[in-house]
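Here is the structure we will look at, set down as structure tokens.
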């Protein structure tokens, strides 16, 4: 069975659980003590040299890392990836936006506030990250006033990637009340078949 | 003809020029005054709401953004993307690594030092970015001692994505003398057919 090395509250790990559940692919989760340095051991780096979760063991000794690459691997050949070439690239555009312009601000603010504590001397950096996080939310709001989903007028990997941290942005002190299009999109994402919440146990455990 | 809105010294823009040249696809470049705020105008944001270069106009009024998504669009169906499913996902793994764990450190350090100047009060942040940039180089060096290219034992989009800023990392004051595997990989990348240097004019202009 697939083994997902993860930290359950991480949005990046949640992305993988959500897609696998929606595809009906069974997996088990192994909680990783990221705050205790478990991803920085040589044993873990032998699995994933980038030293992060999620790390997925596809079969014994075969690993894949980076949440959005894992989404791609399982999304290929399914309706989670648009069949049109341009829309497929557009989906990837939003997934790269998520990792470059969204996650470092919205996810990191939440991680500092909820899990790690604000590092000493980083108060001003947190303000900057908050500002850039709002810039990412502004971009999303603008898109979602024009279309129901980020690519191909359908729920795709891009929506999973962006939903993961956006829907818990308030834990990072982002005020979502000023983003009606984003909140309406939350409902569309949550109404997809076999939706899984970030707090839900992984299906294999829940059975 | 394809129109590439770009800032010529940007590694992200260079990625697109390099791939298009290697594929023999003609394009023209439009230099964008990123330091003067040209990407933050409402006119530019109508092209690309993420407000960055590269932004590619595929046909009049149809735009695609995010360097690695542009690479994917043109790489599909070519030898620049591995035919094996796992290696294809592995390629994307390294492209997401590039945007999350490499570019924000190595490219930003170079941009501050060479183009923008180190922002006031950011000296300590530059040190942190330098440290994280070396961590990314360490990961690359480890991979390149095991295989000739990042995915599928062949030159792929992942190599283009990682080469773009790594080969000019010394402009960001990174010492590459301690990375023999990376330097040997530079030579393998540079020896690919129709290689283009970052300083070369775009082919359409050079003709």
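Only the coordinates and a few stated rules stand behind these numbers; no lab work does. Since this is a predicted model, take the numbers as computed values, not measurements. Every residue, glycine as well, gets a Cβ built from its backbone with ideal geometry; the counts of neighbours run over all protein chains shown.
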Item to check | Burial ordering of A:118, A:160, fewest other beta-carbon atoms within 10 Å first | outcome: A:118, A:160
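Hey, what did chain B get for relative contact order, percent, Cα under 8 Å, at least 6 apart? Intermediate results must be reported in sequence, preceding the final value.
On the way: 273 pairs, mean separation 55.7, N = 207.
Relative contact order here is 27 percent.
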Checklist entry - Considering only the label points, 7 Å along Cα→Cβ from Cα, what distances in nm to one decimal separate residue B:145 from the same position in each other copy, shortest first? => result 5.3
Next on the checklist: Could you tell me the relative contact order of the range B:85-190? Use alpha-carbon pairs under 8 Å, at least six residues apart, and round to a whole percent.
Outcome noted: 37
Item to check | DSSP beta bridge pairing in the protein assembly as shown, given as percent antiparallel to the nearest 5 | outcome: 60
Checklist entry - So how do B:157, A:23 line up by other beta-carbon neighbours within 10 Å, fewest first? => result A:23, B:157
Next on the checklist: Please rank B:8, A:21, A:102, A:195, fewest neighbouring Cβ atoms within 10 Å first, as an exposure proxy.
Outcome noted: A:195, B:8, A:21, A:102
Checklist entry - Build a GNM of chain B with springs between Cα atoms under 10 Å: which of B:60, B:79, B:148 gets the top mean-square fluctuation? => result B:60
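Give the shape of the range B:17-138 as rounded, prolate or oblate, defined through the alpha-carbon gyration tensor: a ≥ b ≥ c are the square roots of its eigenvalues, a/c under 1.5 means rounded, and otherwise the shape is prolate if a/b is larger than b/c and oblate if not. Intermediate values should be presented prior to the final figure.
Details: a/c = 2.37, a/b = 1.18, b/c = 2.02.
Judged from the Cα gyration tensor, the range B:17-138 comes out oblate (a/c at least 1.5, b/c at or above a/b).
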Item to check | Residue closest to axis [chain A; rotation mapping onto B; Cβ; Å] | outcome: A:99, 3
Checklist outcome for this item: Classified through the alpha carbon gyration tensor (a ≥ b ≥ c as square roots of its eigenvalues; rounded if a/c is under 1.5, else prolate when a/b is larger than b/c, else oblate), the range B:85-190 comes out prolate
Checklist outcome for this item: When chain B is treated as a Gaussian network with springs between alpha carbons less than 10 Å apart, the largest mean-square fluctuation among B:184, B:151, B:120 is found at B:120
Checklist outcome for this item: homo-copy label distances at residue B:173 (7 angstrom along Cα-Cβ), nm, one dp, ascending, are 3.1
Checklist entry - Taking the label point as lying 7 angstrom from Cα along the Cα-to-Cβ axis, what are the distances from residue A:24 to the corresponding position in the remaining copies, in ascending order and in nanometres? => result 4.5
Checklist entry - Highest GNM mean-square fluctuation, chain A, Cα pairs closer than 10 Å: which of A:35, A:140, A:95? => result A:35
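Would you work out if the range B:1-85 is rounded, prolate or oblate? Take a ≥ b ≥ c from the square roots of the eigenvalues of the alpha-carbon gyration tensor; rounded if a/c is under 1.5, else prolate when a/b is larger than b/c, oblate otherwise. Intermediate values should be presented prior to the final figure.
On the way: a/c = 1.99, a/b = 1.86, b/c = 1.07.
Verdict is prolate for the range B:1-85.
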